[in-house]
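Please read through the structure below; I'll follow up with questions.
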Amino acid sequence: MKRFVIILLLVCVVFFSLVYVDYFNTKTNNTYPKLSLKSENDDAVIYTAVLYRVWYCKTNKKYMIGSYSEDSICPKNYEYTNDTYTNTNGISISKRDLQLLTNDGIYTSEMIENMNSKKQVDDAVHVAYDYMKNVYKVVNETESNKIIIFPEFKEKDGRYEWVYEEDENSYYCLSSDEKMYAKYDNVECGKFVPFKMDSKWCQAYQNSTLVYEDHIEDLCGE
C-alpha cells in the first residue's frame, strides 16, 4: 500500500510538472498546449488543456489563452471600404484602428458594434495602443537585469500587427521587480521609470476586456 502511494505521488508530480512546462511554453512562445484536447468551430481552433484553454483565431492567426469559463472570442472578418469599417451605429473606424482594437482581444466584436461616437473609438485606441506598446519581450539577461525590447504597431502583409525589432538602440533594462524600465546604453541602465498609465487611460480601460487582467489596476496606482 505504501509503495502504491509513493508511485502515485511520483506520477502526480511528473504529470503536473509536464502540465506546468506545457503551460509555460504555450504562454511564452504563443503556441498551443501539447497536452490538450482539440476542437474547432468556424472562427477558431480550440485546445482544452488542464486548468485552461487556448484558442487559435483564424482571422488574425493568433493564439489566445484563458480559463474554461471564458468564451473563445475572435475578431470577425471585417469588410472594409477604402480601408474603413462602419459599425452598426454608423461610426467609421480605420482599418489600422480596428485591427489595433481587435487583434489582441482587448475589444470584442460586440464592443466595436456598440461604439456610438468618435470619442469612444479614440478612447479605445488610446487604451489598446498604450497597453500593447508596453508588452515587452525579453531578449537577453545580465547578472543584474533583464534586457527587453518594446513592439511597434506596423502594417505587415496587408495586416496591422505588433512587431518586435531588435537593434542596439531599442534595448531597455527591466527592474528586478518587473515594475520599471530604463534605457539600456553602453552596458548601463539609465534612470528607471514605472509602467504607469495616464488618467484618461485609467478611466477608459474599464470598458475593455483588460478589466479581467490580473493586477491591471497596478498600472493606475501611485
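Say we join alpha carbon atoms closer than 10 Å with springs in a Gaussian network model of the chain; which of Tyr23, Tyr68, Tyr47 then has the biggest fluctuation?
Taking springs between Cα atoms under 10 Å, the residue moving most is Tyr68.
What list of ³J(HN,Hα) values in whole Hz, one per residue of region 210-221 in order, does the Karplus curve 6.51 cos²θ - 1.76 cosθ + 1.60 (θ = phi - 60°) give from phi, with Gly and Pro shown as x?
Result, ordered by residue: 5, 4, 8, 6, 5, 6, 4, 5, 5, 5, 10, x Hz.
What order do you get for 96-104, 49-57 when each peptide is scored by the mean count of other beta carbon atoms within 10 Å, highest first? Don't jump to the answer; show the numbers that get you there.
Numbers: 96-104: 21.6, 49-57: 18.9.
Those peptides, ordered most packed to least, come out 96-104, 49-57.
Is it possible to state the helix-based mean residue ellipticity at 222 nm for the chain, with each DSSP H run of 4+ residues giving -39500 (n - 2.57), the sum divided by total residues, to the nearest 500 deg cm²/dmol? What is it?
Dividing the helical sum by the residues of the chain leaves -9000 deg cm²/dmol.
Please list, short to long, the whole-number percent of alpha-carbon pairs of the chain in consecutive 10 angstrom bins beginning at zero.
7, 25, 32, 23, 9, 3, 1, 0
Tell me, what ³J(HN,Hα) does each residue in region 169-186 have, in order and in whole Hz, if you take phi through Karplus 6.51 cos²θ - 1.76 cosθ + 1.60 with θ = phi - 60° and put x for Gly and Pro?
7, 9, 7, 9, 8, 10, 5, 4, 8, 6, 10, 9, 9, 8, 5, 9, 8, 6
Something else now. If you rank Lys137, Lys191 by fewest surrounding Cβ atoms within 10 Å, what's the result?
Starting with the residue having the fewest Cβ neighbours, the order is Lys191, Lys137.
Here are some pairs, Lys95/Lys154; Lys62/Lys133; Lys62/Lys183; Lys95/Lys200; Lys133/Lys183; Lys118/Lys154; which of them have Cα atoms lying more than 20 Å apart in this structure? Numbers along the way, then the final one.
Working: Lys95/Lys154 12 Å; Lys62/Lys133 17 Å; Lys62/Lys183 30 Å; Lys95/Lys200 23 Å; Lys133/Lys183 15 Å; Lys118/Lys154 23 Å.
Listed pairs above 20 Å: Lys62/Lys183; Lys95/Lys200; Lys118/Lys154.
Quick one: Karplus J couplings for region 77-88, per residue in order, coefficients 6.51, -1.76, 1.60, θ = phi - 60°, nearest Hz, x for Gly and Pro?
For region 77-88, the Karplus curve yields 7, 6, 9, 10, 10, 6, 6, 9, 10, 10, 7, 5 Hz.
Between region 124-203 and region 29-108, how many Å separate their Cα centres?
Using only Cα atoms to place each centre, the spacing works out to 23 Å.
When the Kirkwood hydrodynamic radius is evaluated over all pairs of different C-alpha atoms of region 124-191, what value in angstrom, to one decimal, is obtained?
For region 124-191, inverting the mean 1/r across all distinct Cα pairs yields 13.0 Å.
Moving on to the next point. Going by how many other beta carbons lie within 10 Å of each one, how would you line up Val211, Val125, fewest first?
By the 10 Å Cβ count, ascending, the order reads Val211, Val125.
Compute the length gained on full extension between Phe15 and Ala182: take 0.36 nm times their separation in residues and subtract their Cα-Cα distance, giving the result in nm to one decimal.
Contour length minus Cα-Cα distance gives 56.2 nm.
Name the residues of region 117-153 whose amide N is less than 14 Å from a point 7 angstrom out from the Cα of Glu168 along the C-beta direction?
None, by backbone N distance to the label point.
Just how large is the dipole of region 2-66 about the Cα centre, in debye to the nearest 20, putting +1 at every Lys and Arg Cβ and -1 at every Asp and Glu Cβ? Before the final figure, lay out the partial values.
Values: 9 positive and 4 negative charges, 48 e Å.
Here the size comes out at about 240 debye.
I'd like to know which of Met64, Leu9, Tyr52 lies farthest towards the positive end of the charge dipole of region 2-66, counting +1 on Cβ of Lys and Arg and -1 on Cβ of Asp and Glu.
Leu9
Please compute the modelled spin-label separation between Asp130 and Asn114, points set 7 Å along Cα→Cβ, answer in nm with one decimal.
Placing both labels 7 Å along Cα→Cβ, they lie 2.2 nm apart.
Kyte-Doolittle mean at least 0.5 and Cα extent at least 20 Å along the axis: which DSSP H helices of the chain qualify? Each step should come with its number before you reach the end.
Details: long enough: 2-29 (40 Å, 1.27); 118-132 (21 Å, -0.63).
Span-like helices here: 2-29.
We did not get these values from a lab; they are worked out from the coordinates using the rules stated. In this text the structure is predicted, and so the values were computed from the model without any measurement. With ideal geometry, Cβ positions are generated from the backbone for all residues, glycine too; neighbour counts draw on all protein chains shown.
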